[in-house]
Amino acid sequence: MAFEKETSESEGTYLDGQILIAMPSMADDRFERSVIYMCAHSAEGAMGLILNKLVDSLSFPELLSQLGIIEEDDAIRLPRTVDAMPIHRGGPVETGRGFVLHSSDYFAENSTLAIEEGICLTATLEILKAIADGRGPANAMLALGYAGWSAGQLESEIQANGWLTCPADEALVFGRDLERKYSDALGRLGISPGMLSCDAGHA
């Protein structure tokens, strides 16, 4: 089970279903203080979604309208929970493509990937239609774009102290308090952000 894997340093150990936490020494501004849920990791590379950054310029009703799922005038009739659904900046790759991390009470044959312990990934318009109609999963996180690594790249970054890893849980993945996710993820490891900041120049 991926929840039992602590790192990717040993051969054959992969991080799908785990959380990546950016170290303060992270040189790439796009991933500063990022908390990333790993959707896939293998010898061929890795893919994940940033959990704690938002797309500020687009609302969920606007996205539904742009995709032709609802008419612009229908936005005012969406359920409040749907209307307020945030859109996350999942990563710098394919930023026009949508991904939904969600609870396993929604499953579309040939479209939904079960990742780990009740967390699934679906990347089709059908799940957005289901959410808009009130038929969607109990928990869902919508992201545009993803974070991707080529073969061996993530392992190298972890060995260079670019990332920490911790087990995932529903609060980290689906929680709406994005400001707390970085400190909460570090807290799973018994670390405070201040402890890392003190060592940032020595990483």
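What shape does the range 123-203 take by its C-alpha gyration tensor, where a ≥ b ≥ c are the square roots of the eigenvalues and a/c under 1.5 counts as rounded, a/b above b/c as prolate, and the rest as oblate?
Numbers: a/c = 3.32, a/b = 1.72, b/c = 1.93.
Verdict is oblate for the range 123-203.
Top to bottom by accessible area (1.4 Å), largest first, where do THR124, THR95, THR112 land?
Values: THR124 50, THR95 85, THR112 20 Å².
The most accessible residue leads, giving THR95, THR124, THR112.
Can you give the accessible area of GLU170 in Å² (nearest 10), computed on protein heavy atoms with a 1.4 Å probe?
100 Å²
The values are calculated or read from the model by the stated rules, or taken from the named source; none is laboratory data. Quick caveat: nothing in here was measured; it's all calculated off a predicted structure. Note: areas computed on protein heavy atoms with side chains; ligands, DNA, RNA excluded. Shrake-Rupley method; radii C 1.70, N 1.55, O 1.52, S 1.80 Å.
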